[in-house]
Amino acid sequence: MLLTITTTRYPATDLGYLLHKHPAKVQTIPFAAGDAHIFYPEATEEKCTAALLLDIDPVKLARKSGPGGNDFALEAYVNDRPYVASSFMSAAIAQAYSTAMNGRCKDKPEVVDEALPLEINLSSLPVSGGEQLLRNIFEPLGYEVSLQPAILDTQFPEWGSSRYFQVSLKNTIPLKTLLSQLYILIPVCDNNKHYFVGDHELEKLMEKGQGWLDGHPLKELITRRYLKHIGTLTQQALDILTREEGTPEEAKPAQEKVRLHDVRLQAVRDILLEHGVTAVADMGCGEGKLLRLLKDNSQFKRILGMDVSFRSLQIAAGKLKLERQPESQKDRITLIHGSLTYKDKRLSGYEAATLVEVIEHLDPPRLAALEKVVFECTRPPMVIITTVNAEYNIKYEALTAGAFRHSDHRFEWTRAEFEAWAGRIAAQFRYSVTFRPLGDYDETVGAPSQLALFKTSAS
């Protein structure tokens, strides 16, 4: 992927001094995922362009491990990371242009704080949220935004546009501010990061966001995405930004609002308790949040968690502290690696199955396989399925029309669509089904999530 920075401020070659990169040389800087090449396609006193070209090594990506590892078995080998502007680009900016981003220039210090006419061109920027979100992120900072979306397939234009954009940004701004904003906002647009996020990232956000983030209308979204949706870090950052706006430090909400995902999990647990379920299989357990909730109640004698992501199962095992369980509890919780689109006899023998926010992550043609596995092959007496309510999306200000709430969602259903699907399943496989809303209910668009409870006559 390619990032170019162009200025026409005379003499334009001052850009080379600010970046600490000589226009007559090509420089290569190795970093964790490959190499960053810096060169100047043009360098005159009237116009100067500096280019940063990333050459990502796919083999290095496939071999990386630890908390930043890939969640799916094939994702390490089949992904867009070598070809798009992502957090790898941010890392390259920090490494290649660190002196400029920190506002240091030995030869021309008087230019460091000068607002320069700058144009930035960025190839293949993935944007989770579409064109309007991209504009809502950059335009409040004074950028003139021009973009060209890439279509999904030139042979099938009816498929529409992808989430990748060729982006041009123009602003009159100090170079150090521009680089800091790009460093933060590129992974925010992508809504993904390739590395572990901890307290050090909170410090970086406060440092690089100084002077512009606290007044941004989307500061909460930017903060949440940059910190990889980690609730504690996000809240800390927002508390700091709020104090910087002049709100007294002791001013805090009287009662913290319950997170929607916690509402879903608690509703599922309560239904299981209400029906006296003792053996439950969580199909698509992720990092084990529901499993941990069930573990704390002695009614549940056998708990199974299955997921397609081996990495998520490792995290679940760690959070459940399975290796520290006493002998009497060793067989109570079981984690297995598997897919809901394949028949698996290990799923049999449970009184209830739960699929919490799972179905929307499957391509619609694969739902038929899931239906057969869950309702015909496994056939538990009770099945609980939750999914998002697409009608409620208009309540999310940062979500553009037609966009999904999560970049991995393959579809999002309205209440009528979900009920039609669930009704067909119930009739086909001889279940009864009832529905309930989850979360704050709006009279017009319903609740943010929806739940279907399937039962056989024996349950």
In the range 209-224, anything touching a residue at least 60 places away in the same chain (Cβ under 8 Å) and either open to solvent by less than 40 Å² (accessible area, probe 1.4 Å) or among the basic types (Lys, Arg) (or both) is listed as Trp212, His216, Leu218, Leu221, Ile222
So, in the range 53-63, exactly how many residues are within 16 Å of Ala91 (Cα to Cα) and out of contact with any strand residue (DSSP E or B) (no Cβ under 7 Å at 6 or more places or on another chain)?
1
Looking across the range 337-355 at residues that are farther than 21 Å from Leu272 by Cα and not in a loop (DSSP other than H, G, I, E, B), the single one that is least open to solvent (accessible area, probe 1.4 Å) is His337
Where in the range 78-194 are there helices (runs of 4 or more DSSP H), lying fully within it, with 2 or more residues that are surrounded by fewer than 17 Cβ atoms within 10 Å (Cβ to Cβ)?
98-101, 130-138
All but one of (1) closer than 20 Å to Cys105 by Cα; (2) touching a Leu at 6+ places or on another chain (Cβ under 6 Å) hold for Thr8, so report the exception by its number.
(2)
The lone exception for Ala369 - which of (1) open to solvent by less than 60 Å² (accessible area, probe 1.4 Å); (2) within 27 Å of Asn191 (Cβ to Cβ) it fails
(2)
Provide a single number: the residues in the range 303-336 that are surrounded by 16 or more Cβ atoms within 10 Å (Cβ to Cβ), assigned to a strand (DSSP E or B) and touching a Lys or Arg at 6+ places or on another chain (Cβ under 8 Å).
4
How about the range 422-444: which of its residues are assigned to a helix (DSSP H, G or I), in contact (Cβ under 8 Å) with a residue 12 or more places away in the chain and hydrophobic (A, V, I, L, M, F, W, C)?
Ala422, Ile425, Ala426, Phe429
Counted residues, the range 273-292 - those being more than 13 Å from Val356 (Cα to Cα) and either part of a helix (DSSP H, G or I) or touching a Lys or Arg at 6+ places or on another chain (Cβ under 7 Å) (or both):
5
Per the list (1) more than 23 Å from Gln166 (Cβ to Cβ); (2) surrounded by fewer than 18 Cβ atoms within 10 Å (Cβ to Cβ); (3) at pLDDT below 85, residue check on Pro58 breaks on (1)
Matching residues in the range 175-221 (of a type outside the set (Asp, Glu) and more than 19 Å from Glu144 (Cα to Cα)) number 20
Only one of these is open to solvent by 50 Å² or more (accessible area, probe 1.4 Å) and outside any helix (DSSP H, G or I): Glu376, Glu417, Glu397. Name it.
Glu397
Taking the range 268-304 as the search range and keeping residues that are more than 24 Å from the chain's Cα centre (by Cα) and of a type in the set (D, E, K, R), which one is farthest from Glu351 (Cα to Cα)?
Asp296
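The values are calculated or read from the model by the stated rules, or taken from the named source; none is laboratory data. As the structure is a prediction and not an experimental result, all values here were calculated from the model. Every residue, glycine among them, receives a Cβ derived from its backbone with ideal geometry; neighbour counts consider all protein chains shown. What goes into the accessible areas is simple: the full protein's heavy atoms, side chains included, and nothing from ligands, DNA or RNA. Shrake-Rupley method; radii C 1.70, N 1.55, O 1.52, S 1.80 Å.
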